[in-house]
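Undergrad: Below you'll find the structure I mean.
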Amino acid sequence: MAQDPRDNPVQPIFSIDVSASTPGEAAAGSSGDENGVLADLLRRVIGEQEKSNALLQDLIGQMQIQQRGRADELGKWKKANPELSQRCREAAETLSEVQNEFLRGLTEEVENREHGLRDSDYMLQEFVDRFGPRLAHLNGILQVLSQLAANDS
């Protein structure tokens, strides 16, 4: 039968009290003071949370102002350049088709070289070097063209 660890005569070398009260408070048993300290702490936490919420609301307001400003500028550009805006839309549609073909080739490459990509850092790096920059640049161009494309709702 296993021995009960509480019956062990060996005392721990270090003793750490992790309670919230000091030894004097624990001995006195002053729960009123503890409640006051806890209430004060909670009031401080709530105050700091309210400050944080106010700062977040200010930040959201600033971001909304910037976003509205960008949307207004884009709308003005589209009105001033309707033909170019339409051409951007056509270019975006064409490049979207090109991107789909590129992604098909990329996924086929992954399927065909799956084990090599998993097992060889060289193969993985070669794959990333081959497809990564082209994909990143194509995505960037498509994003710009899509934003400039004429389709205001």
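Undergrad: What do you get for chymotrypsin sites (Phe, Trp or Tyr not before Pro) in segment 98-149 restricted to DSSP loop and a cutoff of at most 15 other Cβ within 10 Å of the site's Cβ?
TA: none
Undergrad: Sticking with this structure for a sec: Between R70 and S96, 0.36 nm times their residue separation minus their Cα-Cα distance comes to what?
TA: 6.9 nm
Undergrad: Turning to a different aspect of this structure: Please give the per residue volume of the convex hull enclosing the alpha carbon atoms of segment 82-153, rounded to a whole number of Å³.
TA: Per residue, the Cα convex hull of segment 82-153 comes to 83 Å³.
Values in this text are rule-based calculations from the coordinates and carry no lab data. Computed from a prediction, not measured in an experiment: that's the story for all the values here. Please note: Cβ atoms are built from the backbone with ideal geometry, for glycine as well, and neighbour counts cover all protein chains shown.
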